[in-house]
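Read-outs: derived from the displayed coordinates by stated rules, not from any lab. These figures come from a predicted structure and were not determined experimentally. Cβ placement follows ideal geometry from the backbone for every residue including glycine, while neighbour counts extend to all protein chains displayed.
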Amino acid sequence: MRSLILVVASFAFTTAFTAHAGVIGPEGWSPAGCGARPQTPSIDSSSADAFNKSVGAINEWQKQLLAYHDCMVKEANADSAAINHAATGEQKRINDAIEKVNQDATAGRQKVERSSSSPSPTLAPPAGTMPGNPGY
């Protein structure tokens, strides 16, 4: 039952962050689920009536632009959270792999020490790291 809950929770989390993922293209990131950015209206000052119509169009445009902005921010935050979640998971997998290899190496050295009267090999740190520093 517990594994079913984890699978459902994992699916819900993944779905929440992939439903409207933005797009990274040549010009950078842009939202994918917010529609087109509303076109800026022009102001017609040829007459009072034309100007009043322009102001009405500007007011409507501002409402549409605010809705677009809110959608864009929500989508950007979801993408950011999804990237953070994925990167954190990958860091954990890397750290776990390093820890596992170090444990296996220690166990192997101990086995060699128990079964041999010769001195045990010393483990050299990876190139580019300082002794005692795992390199990350």
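Observations on the model:
- Hits among lysines - C-alpha to C-alpha of LYS92 under 19 Å, sequence gap 8 or more where chains match: LYS100
- Environment charge of ALA57, counting only residues whose C-beta is closer than 15 Å and scoring Lys/Arg +1, Asp/Glu -1: -1
- Each of ASN52 and SER30 was given a label point 7 Å from its Cα along the Cα-to-Cβ line. The distance between the two points is 3.8 nm.
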